[in-house]
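The values are calculated or read from the model by the stated rules, or taken from the named source; none is laboratory data. Everything numeric here is computed off the predicted structure, so don't read it as measured data. When we count neighbours, we look across all protein chains shown, and the Cβ atoms used for this are built from the backbone with ideal geometry, even at glycine.
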Ligand SMILES: NC(=O)c1ccc[n+]([C@@H]2O[C@H](COP(=O)([O-])OP(=O)(O)OC[C@H]3O[C@@H](n4cnc5c(N)ncnc54)[C@H](OP(=O)(O)O)[C@@H]3O)[C@@H](O)[C@H]2O)c1
(Lines give C-alpha, C1' and ligand atoms only; values in the text may rest on other atoms or scores of the structure.)
Protein backbone atom coordinates (compact mmCIF):
# COMPACT_ATOMS: atom_id res chain seq x y z
CA UNK A 1 0.00 0.00 0.00
CA UNK A 2 1.34 3.40 -0.93
CA UNK A 3 1.05 6.44 1.32
CA UNK A 4 -1.90 7.75 -0.67
CA UNK A 5 -3.80 4.52 -1.29
CA UNK A 6 -7.44 4.76 -0.18
CA UNK A 7 -8.64 1.32 -1.35
CA UNK A 8 -9.62 0.29 2.19
CA UNK A 9 -11.64 3.46 2.80
CA UNK A 10 -15.29 4.42 2.48
CA UNK A 11 -15.70 8.16 1.95
CA UNK A 12 -18.80 10.28 2.50
CA UNK A 13 -18.69 13.53 0.52
CA UNK A 14 -21.46 15.88 1.58
CA UNK A 15 -21.97 18.46 -1.16
CA UNK A 16 -20.54 15.93 -3.61
CA UNK A 17 -23.22 17.27 -5.95
CA UNK A 18 -21.38 20.62 -6.13
CA UNK A 19 -18.33 21.90 -7.97
CA UNK A 20 -15.61 21.41 -5.33
CA UNK A 21 -17.21 18.47 -3.52
CA UNK A 22 -17.78 16.75 -6.86
CA UNK A 23 -14.16 17.11 -7.91
CA UNK A 24 -13.05 15.87 -4.48
CA UNK A 25 -15.41 12.88 -4.67
CA UNK A 26 -13.78 11.99 -7.99
CA UNK A 27 -10.30 12.45 -6.52
CA UNK A 28 -11.00 10.21 -3.51
CA UNK A 29 -12.43 7.57 -5.85
CA UNK A 30 -9.35 7.79 -8.10
CA UNK A 31 -7.24 7.09 -5.00
CA UNK A 32 -9.31 3.93 -4.48
CA UNK A 33 -11.98 4.88 -1.95
CA UNK A 34 -15.60 3.81 -2.26
CA UNK A 35 -17.41 7.15 -2.34
CA UNK A 36 -20.91 8.11 -1.22
CA UNK A 37 -21.88 11.33 -3.03
CA UNK A 38 -24.35 13.16 -0.80
CA UNK A 39 -26.57 16.16 -1.50
CA UNK A 40 -30.14 17.04 -2.39
CA UNK A 41 -29.77 17.29 -6.16
CA UNK A 42 -30.12 13.72 -7.48
CA UNK A 43 -29.45 14.73 -11.09
CA UNK A 44 -26.06 16.24 -10.31
CA UNK A 45 -25.25 13.48 -7.83
CA UNK A 46 -26.01 10.63 -10.24
CA UNK A 47 -24.05 12.41 -12.99
CA UNK A 48 -21.00 12.62 -10.73
CA UNK A 49 -21.35 8.95 -9.78
CA UNK A 50 -21.47 8.04 -13.48
CA UNK A 51 -18.24 9.97 -14.14
CA UNK A 52 -16.58 8.03 -11.29
CA UNK A 53 -17.89 4.59 -12.24
CA UNK A 54 -17.17 5.14 -15.96
CA UNK A 55 -13.52 5.54 -14.94
CA UNK A 56 -13.65 2.29 -12.94
CA UNK A 57 -14.25 3.89 -9.54
CA UNK A 58 -16.77 2.83 -6.91
CA UNK A 59 -19.48 5.30 -5.92
CA UNK A 60 -23.16 5.74 -5.09
CA UNK A 61 -25.41 8.77 -4.82
CA UNK A 62 -27.26 9.03 -1.52
CA UNK A 63 -29.84 11.77 -1.17
CA UNK A 64 -29.41 13.82 2.02
CA UNK A 65 -30.31 17.20 3.42
CA UNK A 66 -27.38 18.17 5.63
CA UNK A 67 -29.42 20.49 7.82
CA UNK A 68 -31.69 17.61 8.85
CA UNK A 69 -30.35 15.19 11.46
CA UNK A 70 -32.91 12.53 10.51
CA UNK A 71 -32.01 12.80 6.81
CA UNK A 72 -28.32 12.32 7.67
CA UNK A 73 -29.14 9.34 9.90
CA UNK A 74 -31.09 7.73 7.07
CA UNK A 75 -28.24 8.42 4.63
CA UNK A 76 -25.76 6.88 7.09
CA UNK A 77 -27.77 3.63 7.18
CA UNK A 78 -27.95 3.53 3.39
CA UNK A 79 -24.20 4.11 3.04
CA UNK A 80 -23.38 1.31 5.49
CA UNK A 81 -25.68 -1.05 3.57
CA UNK A 82 -24.45 -0.10 0.10
CA UNK A 83 -20.74 0.73 0.57
CA UNK A 84 -19.73 -0.20 4.12
CA UNK A 85 -18.90 1.76 7.28
CA UNK A 86 -17.60 5.28 6.49
CA UNK A 87 -13.96 6.00 7.39
CA UNK A 88 -13.69 9.41 5.65
CA UNK A 89 -16.13 12.31 5.99
CA UNK A 90 -15.58 15.28 3.72
CA UNK A 91 -17.86 18.20 4.50
CA UNK A 92 -18.25 20.36 1.38
CA UNK A 93 -21.83 21.63 1.67
CA UNK A 94 -21.99 25.39 2.08
CA UNK A 95 -21.84 28.73 0.37
CA UNK A 96 -22.53 32.43 0.60
CA UNK A 97 -25.94 33.97 -0.01
CA UNK A 98 -26.54 37.44 -1.51
CA UNK A 99 -29.10 38.08 1.26
CA UNK A 100 -26.33 38.12 3.88
CA UNK A 101 -23.78 40.05 1.82
CA UNK A 102 -23.10 43.71 2.62
CA UNK A 103 -23.54 45.91 -0.47
CA UNK A 104 -24.03 49.66 -1.06
CA UNK A 105 -27.78 48.91 -0.92
CA UNK A 106 -27.65 46.50 2.05
CA UNK A 107 -25.96 47.87 5.16
CA UNK A 108 -24.52 45.45 7.72
CA UNK A 109 -27.11 46.46 10.32
CA UNK A 110 -30.04 45.68 8.01
CA UNK A 111 -29.17 42.02 7.43
CA UNK A 112 -32.11 40.12 8.89
CA UNK A 113 -31.60 37.77 11.83
CA UNK A 114 -33.36 34.94 10.01
CA UNK A 115 -30.95 35.30 7.08
CA UNK A 116 -27.95 35.17 9.45
CA UNK A 117 -29.49 32.04 11.00
CA UNK A 118 -30.09 30.40 7.63
CA UNK A 119 -26.50 30.99 6.53
CA UNK A 120 -25.13 29.63 9.82
CA UNK A 121 -27.51 26.70 9.50
CA UNK A 122 -26.02 25.89 6.09
CA UNK A 123 -22.31 26.59 6.65
CA UNK A 124 -21.88 25.62 10.30
CA UNK A 125 -24.74 23.31 11.31
CA UNK A 126 -25.39 21.44 8.04
CA UNK A 127 -21.91 22.17 6.74
CA UNK A 128 -20.02 20.58 9.63
CA UNK A 129 -21.81 20.19 12.97
CA UNK A 130 -24.65 17.79 12.07
CA UNK A 131 -22.53 15.54 9.80
CA UNK A 132 -19.86 15.30 12.52
CA UNK A 133 -22.54 14.46 15.09
CA UNK A 134 -23.93 11.77 12.80
CA UNK A 135 -20.76 10.13 11.46
CA UNK A 136 -18.10 11.02 14.08
CA UNK A 137 -19.27 8.85 17.01
CA UNK A 138 -19.49 5.72 14.80
CA UNK A 139 -15.93 6.37 13.57
CA UNK A 140 -14.83 6.78 17.20
CA UNK A 141 -16.44 3.45 18.17
CA UNK A 142 -14.56 1.71 15.35
CA UNK A 143 -11.34 3.58 16.23
CA UNK A 144 -10.70 4.93 12.75
CA UNK A 145 -11.65 8.00 10.75
CA UNK A 146 -10.59 11.16 8.97
CA UNK A 147 -12.90 14.16 8.85
CA UNK A 148 -12.13 17.02 6.45
CA UNK A 149 -14.10 20.23 6.77
CA UNK A 150 -14.03 22.74 3.92
CA UNK A 151 -13.33 26.21 5.36
CA UNK A 152 -12.48 29.38 3.39
CA UNK A 153 -9.79 32.05 3.27
CA UNK A 154 -12.56 34.25 4.69
CA UNK A 155 -12.53 32.14 7.86
CA UNK A 156 -9.02 33.43 8.64
CA UNK A 157 -9.43 37.17 8.00
CA UNK A 158 -12.91 38.13 6.82
CA UNK A 159 -13.15 39.37 3.24
CA UNK A 160 -15.09 42.56 2.68
CA UNK A 161 -18.88 42.17 2.28
CA UNK A 162 -19.29 38.48 3.17
CA UNK A 163 -19.68 39.07 6.89
CA UNK A 164 -22.05 36.21 7.75
CA UNK A 165 -20.32 33.57 5.64
CA UNK A 166 -16.94 34.59 7.11
CA UNK A 167 -18.20 34.28 10.69
CA UNK A 168 -19.73 30.87 9.96
CA UNK A 169 -16.53 29.62 8.31
CA UNK A 170 -14.43 30.96 11.22
CA UNK A 171 -16.64 28.82 13.45
CA UNK A 172 -15.86 25.86 11.18
CA UNK A 173 -12.14 26.27 12.00
CA UNK A 174 -12.93 26.42 15.71
CA UNK A 175 -15.19 23.36 15.64
CA UNK A 176 -12.55 21.47 13.63
CA UNK A 177 -9.93 22.06 16.31
CA UNK A 178 -12.35 21.26 19.13
CA UNK A 179 -13.25 17.90 17.57
CA UNK A 180 -9.61 17.14 16.74
CA UNK A 181 -8.81 17.37 20.43
CA UNK A 182 -11.93 15.46 21.53
CA UNK A 183 -11.60 12.53 19.14
CA UNK A 184 -7.82 12.09 18.85
CA UNK A 185 -7.81 9.37 21.49
CA UNK A 186 -10.44 7.48 19.49
CA UNK A 187 -8.33 7.33 16.34
CA UNK A 188 -10.37 9.95 14.51
CA UNK A 189 -8.50 12.87 12.94
CA UNK A 190 -10.30 16.14 12.17
CA UNK A 191 -8.75 18.72 9.87
CA UNK A 192 -9.88 21.56 7.64
CA UNK A 193 -9.06 22.41 4.07
CA UNK A 194 -9.06 26.09 3.12
CA UNK A 195 -9.59 26.74 -0.58
CA UNK A 196 -8.73 30.11 -2.06
CA UNK A 197 -10.83 31.23 -5.03
CA UNK A 198 -12.16 28.47 -7.27
CA UNK A 199 -14.72 29.61 -9.84
CA UNK A 200 -17.93 27.62 -9.52
CA UNK A 201 -21.65 28.20 -9.94
CA UNK A 202 -22.12 30.07 -6.65
CA UNK A 203 -19.33 32.66 -7.18
CA UNK A 204 -19.02 32.90 -10.99
CA UNK A 205 -20.95 36.18 -11.25
CA UNK A 206 -18.85 37.62 -8.45
CA UNK A 207 -15.59 36.81 -10.22
CA UNK A 208 -16.39 37.15 -13.96
CA UNK A 209 -18.27 39.54 -16.22
CA UNK A 210 -20.58 38.14 -18.90
CA UNK A 211 -17.72 38.39 -21.44
CA UNK A 212 -15.45 36.23 -19.27
CA UNK A 213 -13.15 39.02 -18.07
CA UNK A 214 -12.65 39.31 -14.29
CA UNK A 215 -14.98 41.68 -12.42
CA UNK A 216 -13.51 44.53 -10.36
CA UNK A 217 -13.63 42.22 -7.31
CA UNK A 218 -12.11 39.40 -9.35
CA UNK A 219 -9.24 41.69 -10.34
CA UNK A 220 -8.62 42.68 -6.72
CA UNK A 221 -8.48 39.00 -5.77
CA UNK A 222 -6.06 38.18 -8.59
CA UNK A 223 -3.93 41.17 -7.62
CA UNK A 224 -3.74 39.77 -4.09
CA UNK A 225 -2.89 36.22 -5.25
CA UNK A 226 0.84 35.63 -5.78
CA UNK A 227 0.11 32.99 -8.43
CA UNK A 228 -2.08 35.54 -10.30
CA UNK A 229 -4.85 33.09 -11.14
CA UNK A 230 -7.89 31.36 -9.69
CA UNK A 231 -7.74 27.71 -8.68
CA UNK A 232 -9.20 24.73 -10.50
CA UNK A 233 -11.32 22.33 -8.46
CA UNK A 234 -9.04 19.38 -9.15
CA UNK A 235 -6.14 21.28 -7.54
CA UNK A 236 -7.75 20.52 -4.16
CA UNK A 237 -7.58 16.76 -4.63
CA UNK A 238 -3.98 16.25 -3.50
CA UNK A 239 -4.63 18.03 -0.21
CA UNK A 240 -7.84 16.07 0.41
CA UNK A 241 -6.25 12.70 -0.38
CA UNK A 242 -3.35 13.56 1.94
CA UNK A 243 -5.70 14.44 4.82
CA UNK A 244 -7.91 11.42 4.11
CA UNK A 245 -5.08 8.89 4.00
CA UNK A 246 -4.45 7.09 7.31
CA UNK A 247 -0.82 6.59 6.28
CA UNK A 248 0.08 9.92 4.65
CA UNK A 249 -1.33 12.11 7.45
CA UNK A 250 -1.35 9.69 10.41
CA UNK A 251 -0.03 12.35 12.87
CA UNK A 252 -2.01 15.29 11.44
CA UNK A 253 -5.07 16.47 13.32
CA UNK A 254 -6.48 19.91 14.10
CA UNK A 255 -4.60 21.30 11.11
CA UNK A 256 -5.78 23.61 8.37
CA UNK A 257 -4.36 22.99 4.90
CA UNK A 258 -4.48 26.08 2.70
CA UNK A 259 -4.72 25.72 -1.09
CA UNK A 260 -5.00 29.29 -2.34
CA UNK A 261 -2.15 30.21 -4.72
CA UNK A 262 -0.60 32.18 -1.86
CA UNK A 263 -3.59 34.46 -1.15
CA UNK A 264 -3.30 34.19 2.65
CA UNK A 265 0.47 34.69 2.56
CA UNK A 266 0.22 38.08 0.89
CA UNK A 267 0.07 41.45 2.61
CA UNK A 268 1.78 44.18 0.59
N1 LIG B 1 -15.65 27.85 -4.80
C2 LIG B 1 -14.82 28.52 -4.01
O3 LIG B 1 -14.04 29.37 -4.44
C4 LIG B 1 -14.80 28.23 -2.55
C5 LIG B 1 -13.82 28.85 -1.78
C6 LIG B 1 -13.75 28.59 -0.42
C7 LIG B 1 -14.67 27.73 0.16
N8 LIG B 1 -15.63 27.15 -0.62
C9 LIG B 1 -16.55 26.23 0.06
O10 LIG B 1 -16.48 24.98 -0.60
C11 LIG B 1 -17.72 24.30 -0.45
C12 LIG B 1 -18.24 23.90 -1.82
O13 LIG B 1 -18.44 25.08 -2.59
P14 LIG B 1 -18.65 25.06 -4.17
O15 LIG B 1 -17.95 26.25 -4.73
O16 LIG B 1 -18.35 23.72 -4.70
O17 LIG B 1 -20.20 25.40 -4.25
P18 LIG B 1 -21.42 24.59 -4.90
O19 LIG B 1 -21.05 24.03 -6.23
O20 LIG B 1 -22.58 25.52 -4.82
O21 LIG B 1 -21.62 23.38 -3.89
C22 LIG B 1 -22.29 23.56 -2.69
C23 LIG B 1 -22.84 22.22 -2.29
O24 LIG B 1 -23.54 22.37 -1.05
C25 LIG B 1 -24.60 21.45 -1.11
N26 LIG B 1 -25.65 21.81 -0.17
C27 LIG B 1 -26.21 23.02 0.05
N28 LIG B 1 -27.17 22.92 0.95
C29 LIG B 1 -27.24 21.61 1.30
C30 LIG B 1 -28.05 20.87 2.18
N31 LIG B 1 -29.00 21.44 2.92
N32 LIG B 1 -27.84 19.53 2.28
C33 LIG B 1 -26.89 18.93 1.53
N34 LIG B 1 -26.09 19.58 0.69
C35 LIG B 1 -26.28 20.91 0.57
C36 LIG B 1 -25.13 21.53 -2.52
O37 LIG B 1 -25.76 20.30 -2.84
P38 LIG B 1 -27.32 20.13 -3.23
O39 LIG B 1 -27.75 21.36 -3.94
O40 LIG B 1 -27.32 18.89 -4.06
O41 LIG B 1 -28.01 19.92 -1.93
C42 LIG B 1 -23.83 21.65 -3.30
O43 LIG B 1 -23.40 20.38 -3.69
C44 LIG B 1 -18.64 25.26 0.32
O45 LIG B 1 -18.53 24.99 1.70
C46 LIG B 1 -18.02 26.62 0.03
O47 LIG B 1 -18.32 27.55 1.03
C48 LIG B 1 -15.73 27.37 -1.95
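Residues that are crowded, with 21+ Cβ neighbours inside 10 Å and touching a residue at least 40 places away in the same chain (Cβ under 8 Å): does segment 39-54 have at least one?
At the first step, the residues of segment 39-54 found to be crowded, with 21+ Cβ neighbours inside 10 Å are 39, 45, 48-49, 52.
Next, only the ones that are touching a residue at least 40 places away in the same chain (Cβ under 8 Å) stay: 39.
For segment 39-54, residues crowded, with 21+ Cβ neighbours inside 10 Å and touching a residue at least 40 places away in the same chain (Cβ under 8 Å): present.
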For segment 18-34, give me each residue that is near the ligand (Cβ under 9 Å from one of its atoms) and either out of contact with any strand residue (DSSP E or B) (no Cβ under 9 Å at 6 or more places or on another chain) or without any contact (Cβ under 8 Å) to a residue 40 or more places away in the chain (or both). 19, 23
Among the candidates 49, 62, 12, 37, which residue alone is over 16 Å from the mean Cα position of the chain (by Cα), closer than 22 Å to residue 237 by Cβ, outside any helix (DSSP H, G or I) and within 15 Å of the ligand (Cβ to nearest atom)? 62
For segment 232-251, what are the residues that are touching a strand residue (DSSP E or B) at 6+ places or on another chain (Cβ under 7 Å) and more than 14 Å from residue 88 (Cβ to Cβ)? 235, 236
Just to be sure, is residue 145 touching a strand residue (DSSP E or B) at 6+ places or on another chain (Cβ under 6 Å), closer than 23 Å to residue 244 by Cβ, modelled with pLDDT of 95 or more and surrounded by fewer than 16 Cβ atoms within 10 Å (Cβ to Cβ)? no
Within the bounds of segment 165-173, is there any residue that is in contact (Cβ under 8 Å) with a residue 12 or more places away in the chain, assigned to a loop (DSSP other than H, G, I, E, B) and near the ligand (Cβ under 8 Å from one of its atoms)? no
Selection within segment 74-107 - touching a helix residue (DSSP H, G or I) at 6+ places or on another chain (Cβ under 6 Å) and in a helix (DSSP H, G or I): 76, 99, 100
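Yes or no, residue by residue, for (1) part of a strand (DSSP E or B); (2) over 18 Å from the mean Cα position of the chain (by Cα); (3) within 17 Å of residue 88 (Cβ to Cβ):
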position: 129; (1), (2), (3): no, no, no
position: 139; (1), (2), (3): no, yes, yes
position: 146; (1), (2), (3): yes, no, yes
position: 149; (1), (2), (3): yes, no, yes
position: 157; (1), (2), (3): no, yes, no
Number of the exception - residue 101 against (1) more than 12 Å from the ligand (Cβ to nearest atom); (2) more than 30 Å from residue 113 (Cβ to Cβ): (2)
If you take the residues in segment 65-75 that are touching a residue at least 24 places away in the same chain (Cβ under 8 Å) and more than 11 Å from the ligand (Cβ to nearest atom), which one is nearest to residue 247 (Cα to Cα)? 73
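Here is a yes/no grid of residues against (1) at pLDDT 95 or above; (2) in a loop (DSSP other than H, G, I, E, B); (3) within 12 Å of the ligand (Cβ to nearest atom); (4) surrounded by 15 or more Cβ atoms within 10 Å (Cβ to Cβ):
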| residue | (1), (2), (3), (4) |
| --- | --- |
| 221 | yes, no, yes, yes |
| 230 | yes, yes, yes, yes |
| 235 | yes, no, yes, yes |
| 239 | yes, no, no, yes |
| 249 | yes, yes, no, yes |
| 254 | yes, yes, no, yes |
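Just to be sure, is residue 193 within 23 Å of residue 34 (Cα to Cα), near the ligand (Cβ under 10 Å from one of its atoms) and outside any loop (DSSP other than H, G, I, E, B)? So that I can check it myself, show each step before the final result.
On the way: within 23 Å of residue 34 (Cα to Cα): yes; near the ligand (Cβ under 10 Å from one of its atoms): yes; outside any loop (DSSP other than H, G, I, E, B): yes.
So residue 193 passes the test.
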Output for segment 119-135, where each listed residue is more than 13 Å from the ligand (Cβ to nearest atom) and crowded, with 19+ Cβ neighbours inside 10 Å: 132, 135
